[in-house]
Amino acid sequence: MTAQVSLFNTLTRRVEPLQPLAPPRVTLYTCGPTVWNFAHIGNFRTFLFEDLLRRWLEHSGYDVFHIMNLTDVDDRTIKAARQAGKRLVEHTAPFTKAFFEDRDYLRIRPAHVYTAATEYMPQMIALVSRLLERGVAYKGEDGSVYFAIAKFPTYGRLSQLDKREIKVGARVASDEYAKGDPSDFALWKKADAEDEAVGAAWDAPFGRGRPGWHLECSAMSLEEIGKCCGVQTLDIHAGGIDLIFPHHENEIAQSEGATGQPFARHWVHGEFLNVRGTKMSKRHGNFLTARDLREQGVDAAAVRLLFFQTHYRQPVDFTDEALDAAKEGVRRLGEFHERLQKTGRGEKGEVLSGLAEKLEADVATALNDDLNAPRAVAALFDFVRAANRELDKPVPPPATARALAAFERVTGLLDLLPTARAADPAFVRWVEERIAARAQARKSKDFKAADAIRAELVAKGVEIEDTPQGTKWRLA
Ligand code: AMP
Ligand code: ZN
């Protein structure tokens, strides 16, 4: 049984019931990180709303096939590799690894497939060939291959862009050479010296070069849904709102230009994480990475709660106060969880059972309605308040089994219970890394540095003891 999940569809600008091609299967493609550097928590706001979407679909009985790409070849990765004096893959591999670590820290469910662009060259080359054969692509005078948007009449439908209004914007401009029409975009860029220097050039029948960023997502998603499900249409395609144009618009043009089938039935886009009203981004320098938060000892549950308190289609402004409030919220959930676990051998559980039923019904109604996480979170805290009032009443204590089950299902779905830090592998790694750094400082007689590290550990509640067998640690 699948419940009625509704989602805002950017294609129609309406909240619509999700209607997968072949329920209960849902194919979900989410544009992943560009692994030129560490992802920031703005990127993770998008990945977290997608995580909740995936979890809610699964909870609702859908069988989700989730694909996420890793952009490991594009302008940014090539430039960063060049600056680091490395080969492309050598530069991106550690950032891919870091992305997976950050994903695990934030308790994001792994996608079923991660597609690294550099591993799909044959599919990308085949897609370009197909578009050339169909006459919707052409080779420019500069040797690059372009998509002719004049040959694709519905171009601009997703972003509701009238063709005359298409501005030659920043990302379009970077493809700006020798094109038939200034709005045409590059499918395949002729290799230049920089591409060759970092190993970002591949042979193709239409010339040695490298894929354009937009092409990558089309080729990889079509390959994967073809392989898994024998289809050419995604049920859901998601990303941040900055991807609507030109990225997703171009993905549609390329994919539909090649297959003649609708590329995605449902387009879902999340709003930005901002800092004082400005989009968090590397370019603005106003960013924070997941590892920054982890090193500050921030529980991932607090980050999740912070983001889920706002609807995914509303901007969130990141502040320390908001994060502190979320930490406090998570602490309250943890405390309440313990309380429920400890009480509850009595008979009179009707009130709590009623509250539990209401909690689950409210959460379902909220999430079915365009993934309204803030309403689900509000229902959770309403439940905690009402149940605490019940538990405060004099004897006999009510039976809590039903309440505990509902509370654990909802907090498990949103994944909001505090981490037992001693069991958090990321935290343990951090502690061990600091202890090793301290040992190193002591070895080189830098006692000031060693003391500073000890203080850093103490601030996170870690006590250390130097023994003949080495330094031991425990949580205070
Ligand atoms: P990128 O690594 O730049 O390819 O971006 C990965 C994902 O992060 C995309 O879905 C972007 O839309 C999203 N993204 C980038 N910046 C932000 C932000 N400040 N808030 C929310 N999502 C963002
Ligand atoms: Zn994409």
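Total residues in region 32-56 satisfying the condition of being in contact with a helix residue (DSSP H, G or I) (Cβ under 6 Å, 6 or more places away or on another chain), within 13 Å of ligand 2 (Cβ to nearest atom) and not in a strand (DSSP E or B): the figure is 1.
Filtering region 257-281 to residues that are on the phi < 0 side of the Ramachandran plot and out of contact with any helix residue (DSSP H, G or I) (no Cβ under 9 Å at 6 or more places or on another chain) leaves R265, H266, T278. Scan region 235-251 and tell me whether some residue there is free of Cβ contacts under 8 Å to residues at least 60 places away in the same chain, out of contact with any helix residue (DSSP H, G or I) (no Cβ under 6 Å at 6 or more places or on another chain), more than 16 Å from ligand 2 (Cβ to nearest atom) and in a helix (DSSP H, G or I). No, region 235-251 has no match at all. In region 80-92, what residues are of a type outside the set (G, A, S), free of Cβ contacts under 8 Å to residues at least 24 places away in the same chain and either closer than 13 Å to A200 by Cα or open to solvent by less than 80 Å² (accessible area, probe 1.4 Å) (or both)? Hit for region 80-92 is E90, nothing else. Annotation for region 311-324: no member residue is within 16 Å of ligand 2 (Cβ to nearest atom) and outside any loop (DSSP other than H, G, I, E, B).
Just one of the listed residues (R276, R210, R291) is open to solvent by less than 30 Å² (accessible area, probe 1.4 Å) and away from ligand 1 (no atom under 11 Å from the Cβ), and it is R210.
Within the set R421, R434, R429, R474, the sole residue that is at pLDDT 90 or above and either touching a strand residue (DSSP E or B) at 6+ places or on another chain (Cβ under 9 Å) or of a type outside the set (D, E) (or both) turns out to be R434. Contact map, region 17-38: first residue under 16 Å from H112 (Cα atoms) and free of Cβ contacts under 8 Å to residues at least 12 places away in the same chain, second residue outside any loop (DSSP other than H, G, I, E, B) and away from ligand 1 (no atom under 16 Å from the Cβ), Cβ cut-off under 8 Å, separation 6 or more or different chains; the map is empty. With respect to H269, determine if the residue is within 16 Å of ligand 2 (Cβ to nearest atom) and either assigned to a loop (DSSP other than H, G, I, E, B) or under 22 Å from T30 (Cβ atoms) (or both). So H269 fits the description; yes.
For (1) more than 29 Å from L88 (Cα to Cα); (2) at pLDDT 95 or above, each residue gets a yes or a no:
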site: F147; (1), (2): no, yes
site: E165; (1), (2): yes, no
site: V172; (1), (2): no, no
site: L187; (1), (2): no, yes
site: A191; (1), (2): no, yes
site: D195; (1), (2): no, yes
site: P205; (1), (2): no, yes
site: R208; (1), (2): no, yes
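Checked against (1) within 14 Å of ligand 1 (Cβ to nearest atom); (2) closer than 21 Å to I241 by Cα; (3) open to solvent by 10 Å² or more (accessible area, probe 1.4 Å), I41 meets all criteria but (3).
Based on what the data block shows, is T77 of a type in the set (V, I, T), within 13 Å of ligand 1 (Cβ to nearest atom), assigned to a helix (DSSP H, G or I) and surrounded by fewer than 21 Cβ atoms within 10 Å (Cβ to Cβ)? No; evaluated as a whole, the condition is false for this residue. You will find that of F95, F47, F65, F100, the residue that is open to solvent by 40 Å² or more (accessible area, probe 1.4 Å), of a type in the set (F, W, Y) and within 16 Å of ligand 1 (Cβ to nearest atom) is F100 and no other. Applying the set (1) open to solvent by less than 20 Å² (accessible area, probe 1.4 Å); (2) under 23 Å from A403 (Cα atoms); (3) not polar (S, T, N, Q) to V351 leaves exactly one unmet item: (1).
The values are calculated or read from the model by the stated rules, or taken from the named source; none is laboratory data. Computed from a prediction, not measured in an experiment: that's the story for all the values here. Neighbour counts are summed over all protein chains in view; Cβ atoms, including those assigned to glycine, are modelled from backbone coordinates with ideal geometry. When the accessible area is computed, the model is the full protein with side chains, heavy atoms only, and any ligands, DNA or RNA have been set aside. Shrake-Rupley method; radii C 1.70, N 1.55, O 1.52, S 1.80 Å.
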